[in-house]
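Quick notes on the structure that follows.
The values are calculated or read from the model by the stated rules, or taken from the named source; none is laboratory data. As the structure is a prediction and not an experimental result, all values here were calculated from the model. We place every Cβ from the backbone using ideal geometry, glycine too, and count neighbours over all the protein chains shown. What goes into the accessible areas is simple: the full protein's heavy atoms, side chains included, and nothing from ligands, DNA or RNA. Shrake-Rupley method; radii C 1.70, N 1.55, O 1.52, S 1.80 Å.
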Amino acid sequence: MVTTKDKTDTKRLPMMPIRDVVIFPYMMTPFVVGRESSVRALDEALLGDKKIFLATQHDASVDEPRPDEIYSVGTVANIVQSLKQPDGNIKVLVEGVERGKIISVSEEEGYFRAVVKTTNYKLEAGGQIEGLTSRVTTLFEQYVKLSQNLNYETMIAAIRVDDPGKLADTVGANLQLTIEEKQELLEIFDPIDRLTRVADLLDIEIEKLNVDRTIQGRVKRQMERAQKEYYLNEKIKAIQKELGRGEKSEFDELKKKIDAAGMSKDAHEKAMAELKRLEGMPPMSAESTVSRNYLDWLLAVPWKKRTKEIRDLRHAGQVLEGDHYGLEKIKERILEFLSVRRLVQNPKGSILCFVGPPGVGKTSLGMSIAKATGRKFVRLSLGGVRDEAEIRGHRRTYIGALPGQVIQMMKKAGTKNPIVMLDEVDKMSMDFRGDPSAALLEVLDPEQNYMFMDHYLDVEYDLSQVFFIATANVLHTIPPALQDRMEVIRLSGYTELEKLEIAKRFLVAKQRKDTGISEEQLEFTEQGLQSLIQSYTREAGVRNLEREIGNLCRKVARKVVEAQSAASEEAALENGDGLEVIEEEAKPEEAGGPAKKGKKKAKKEETPLVSIDKVTINPRVVTEMLGPAKFRDLDLEKTNEIGATTGLAWTEVGGSILTTEAAVMEGRGKLTTTGKLGDVMQESAQAAMSYVRSRAQYLGLPKDFYRHLDIHVHVPEGAIPKDGPSAGITIGTSICSALTGIPVRCDLAMTGEITVRGRVLPIGGLKEKLLAAHRQGIFEVVLPLDNEKDLADIPENIRKEMKLHFVMNMDEVLKIALEREIVALPLAPTATAADLSGRPAEDNLTH
């Protein structure tokens with residue numbers, strides 16, 4: 001079969017862009033013309049030989065398309081008929097003559113005129129073209145039979161043509177294709193290529209119609225089957241009712257399960273009543289599905305099954321010590337709980353709340369408690385929960401109703417006495433759907449949770465034997481009533497020594513296992529781990545430390561893989577001839593010979609065994625692999641400065657240090673505070689300023705110094721909100737240093753609330769703050785005297801390494817914090833010490 005170009009012609013015709021339709025040659029198409037430019041093009045064509053060029057525009061929503069927004073291939077058509085309608089539009093009937101390609105377009109008197117190239121193809125008859133024509137004809141007949149939109153007789157008559165090009169255009173025009181697919185077909189000038197493309201499109205469309213017919217048939221059969229089953233079920237019920245029988249099999253089984261579940265009296269009565277209702281419902285009704293789901297939930301919740309507890313204190317102590325390092329208070333509390341369980345037959349469930357920064361092991365502690373006691377462990381994350389129904393469930397009147405998460409967790413545990421961890425209990429919120437923290441009040445109250453009422457189950461359920469463990473980062477977002485129901489145990493941040501032990505005992509082994517590195521390939525020295533802790537992590541927990549250890553393990557894993565790849569390539573090069581022989585010997589394998597085994601054996605012998613030198617992680621290797629240190633000790637980058645004091649702060653993720661700066665400039669006594677300080681912190685700055693003014697003579701300052709000076713107090717970093725009274729003595733020290741010109745010691749930190757009389761009041765979060773100072777390399781701290789009682793919570797090694805000053809007033813703070821002693825001004829003859837300080841003169845003498 002040969003296709004040759006017979007004739008190429010160029011014509012200059014009026015052009016009309018058309019929307020949402022592609023007109024093929026030999027196709028009669030009516031459409032309405034309304035655009036002014038299209039009407040002018042139509043008039044111009046009617047005045048001439050009634051030929052017009054029709055091309056589809058890319059976007060049908062464009063009213064006045066530009067030439068580049070119109071497809072370059074269209075159809076030259078004869079205008080058969082035109083009729084002007086009353087609304088001004090013109091209804092046109094056109095017949096496609098031949099396809100043409102635009103060479104150029106010009107705009108004349110408000111319409112487009114296009115120079116169009118048309119091409120006629122000459123076909124030489126042959127067996128291949130006859131076969132292709134026959135295939136398209138057969139496929140189109142199948143398509144018309146399957147399609148419900150085409151008249152069979154009309155379509156069959158339309159395709160009885162001898163010209164393959166005309167056949168392709170006629171079939172393509174009647175297929176249910178997209179505009180883009182039809183345009184693609186129009187742009188194929190070669191008749192044979194066009195006919196081949198039409199055959200492919202017919203195959204696809206027939207497959208789609210067959211799938212649609214199959215799906216419709218299946219749906220119809222299912223509907224008929226459902227109607228038949230419903231009719232037969234109703235008939236069986238009527239017959240059984242006449243005979244005095246019921247549907248014994250399924251309902252009897254449900255009744256046995258209800259009797260054996262060990263439900264409470266109220267729950268048993270409700271289940272039996274629901275079962276009786278279910279017996280009288282049609283099986284296919286929606287209400288029967290709701291009742292059946294309700295009964296399934298009642299049976300799925302554990303009513304009497306209990307887990308046998310392990311009450312061996314020695315075993316529990318070994319489990320807790322093996323899983324966690326430190327945390328002595330928590331371990332003591334758990335062992336006390338187990339001791340009570342041994343002495344009391346039916347003790348109430350305990351409710352603990354672990355509060356501490358992220359990464360200190362709150363969630364993993366719950367798993368260890370479950371392991372130590374032998375109980376089932378389930379975890380419920382409450383972060384972001386804002387719907388009360390998440391706790392209590394939805395009533396059964398709602399579509400898709402389910403029990404609350406508490407009942408779902410009990411079903412998951414499968415026993416009456418699991419350990420339920422309520423994770424992130426401080427991150428619940430509330431909205432118009434209710435307050436989930438209020439719903440938890442009943443769950444976590446030992447005096448009430450033995451009759452917990454879920455909205456879905458609507459019967460009392462006993463939660464008194466459940467061991468609830470809540471975790472939180474902070475307490476202030478938990479409502480006081482909920483805090484009152486829990487025994488709060490605080491987990492402070494780890495010391496460097498504790499982090500080192502945790503890394504050696506747990507983290508290194510875990511990361512080795514996760515990255516596939518053996519002890520022979522990687523070893524961590526104690527100095528290397530200390531370098532990681534001091535220079536690459538600053539956190540209360542150990543999550544970042546674990547990430548950095550994993551980072552080092554991955555780098556070593558890459559070295560191992562690269563060494564193995566290099567060795568494999570080297571071995572392949574050395575044994576290249578041997579590999580070719582193996583491939584030649586493997587040829588008889590196709591005939592089922594024994595060469596297959598020989599090939600496998602040869603390949604196995606060629607695999608190289610590679611090992612790299614052991615990598616030892618020391619401080620130098622840590623720096624090489626992880627880059628420069630992310631954190632540096634404070635004393636290496638600071639010197640004693642005027643007006644800059646190091647304070648200690650408490651955050652949700654542990655303690656941190658906070659530098660307070662003060663600057664003095666000429667002015668009129670204005671005190672400016674910056675650094676996004678809260679109201680309480682701004683009031684502390686005012687109190688510190690009042691103290692300085694009242695002690696001007698002691699500080700060596702004129703009485704009216706503030707009249708000619710402005711003081712600016714700034715607490716970096718400026719974008720982070722800060723509040724609280726514990727920065728009072730820090731602000732006071734910075735102001736005194738700026739006014740007296742005496743630098744503040746950079747190796748000293750402080751925390752404490754200040755009063756206008758200079759008293760230093762106690763603060764909270766002492767342990768976190770001291771751990772933060774220790775992490776930053778500050779080993780001398782000024783603290784309020786009333787906080788001396790809190791030293792029992794501080795690890796012994798921290799107390800020994802740090803020098804702690806306990807003070808009662810600001811005068812003592814200044815003596816410790818400033819680089820040199822302040823020289824006081826002599827008393828004026830007309831003034832007394834009491835006048836200057838607002839306190840009795842004998843008190844002033846002590847300062």
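Annotations for the structure displayed:
- Using only alpha-carbon positions in the stretch 428-492, the gyration tensor eigenvalues give semi-axes of 22, 17, 9 Å once each is multiplied by 5 and square-rooted (largest first).
- Rounded to the nearest 20, the Cβ-based charge dipole of the chain about its Cα centre (Lys and Arg +1, Asp and Glu -1) stands at 2620 debye.
- Note that the stretch 237-381 presents 55 Å² accessible area per residue, ligands and nucleic acids not counted, probe 1.4 Å.
- Note on the stretch 130-217: with neighbouring protein chains present and a 1.4 Å probe, carbon and sulfur make up 46 percent of its accessible heavy-atom surface.
- Amide H contacts under 5 Å for residue 103: 115, 116, 117, restricted to partners 5 or more places along the chain or on a different chain, H placed in the peptide plane at 1.01 Å from N.
- Per residue Cα convex hull volume in Å³ - calculated over the stretch 283-343: 153 Å³
- For residue 470, residues with placed amide H under 5 Å, excluding near neighbours: 352, 353, 354, 422
- P(r) weight above 17 Å for the stretch 356-406, C-alpha pairs, percent: 56 percent
- Percent of Cα pairs exceeding the 16 Å cut-off, where the set is the stretch 246-322: 59 percent
- Antiparallel bridges, percent of DSSP beta bridges restricted to the chain (to nearest 5): 60 percent
- q = 0.16, 0.27 Å⁻¹: log10 I(q)/I(0) that the Debye formula gives for the stretch 514-574, counting C-alpha atoms only: -0.62, -1.13
- Heavy-atom accessible surface of the stretch 43-130, averaged per residue, reaches 54 Å², computed with a 1.4 Å probe.
- Counted over all Cα-Cα pairs of the stretch 730-795, pairs farther apart than 17 Å make up 48 percent.
- Temperature 37 °C, viscosity 0.692 mPa s: under these conditions the Stokes-Einstein estimate for the stretch 338-429, based on its Kirkwood radius over C-alpha pairs, is 218 µm² per second.
- Normalised per residue, the volume of the convex hull around the Cα set of the stretch 140-228 (Å³): 94 Å³
- Relative to the 2.2 N^0.38 Å rule of thumb, the chain has a C-alpha radius of gyration ratio of 1.54.
- Over all Cα atoms in the stretch 119-276, the spread is summed up by Rg and Dmax: 31.0, 94 Å.
- Around the Cα centre of the stretch 653-763, unit charges on the Cβ atoms of Lys, Arg, Asp and Glu (plus for the first two, minus for the last two) sum to a dipole of about 400 debye.
- Residues of type lysines that residue 304 reaches as a straight line, Cα spacing below 23 Å, ignoring anything fewer than 8 places off in the same chain: 255, 256, 257, 265, 270, 348, 371, 376, 411, 412, 416
- Computed helical MRE - 222 nm, the chain, DSSP H runs ≥ 4 contributing -39500 (n - 2.57), nearest 500: -13500 deg cm²/dmol
- Carbon/sulfur fraction of accessible area - the stretch 378-420, other protein chains in place, 1.4 Å, %: 47 percent
- In the chain, excluding the sites themselves, the longest stretch lacking any of the chymotrypsin sites (Phe, Trp or Tyr not before Pro) that are in a DSSP loop with at most 14 other Cβ atoms within 10 Å is 1-397.
- Listed pairs 630/722; 11/50; 145/208 exceeding 18 Å between Cα atoms: 630/722
- Percent carbon-and-sulfur accessible area, the stretch 657-788, ignoring ligands, DNA and RNA, probe 1.4 Å: 49 percent
- Around the amide H of residue 147, modelled in the peptide plane, lies no amide H under 5 Å away from a residue 5 or more places distant or on another chain.
- Gap separating the Cα centres of the stretch 765-829 and the stretch 72-129, nearest whole Å: 95 Å
- Rounded to whole Hz, the Karplus (6.51, -1.76, 1.60) HN-Hα couplings of the stretch 799-814, x for glycine and proline: 4, 6, 7, 9, 9, 10, 9, 9, 10, 10, 9, 5, 4, 5, 4, 5
- For the stretch 5-60, the spread of Cα positions along the three principal axes, ordered from largest to smallest, is 37, 25, 21 Å.
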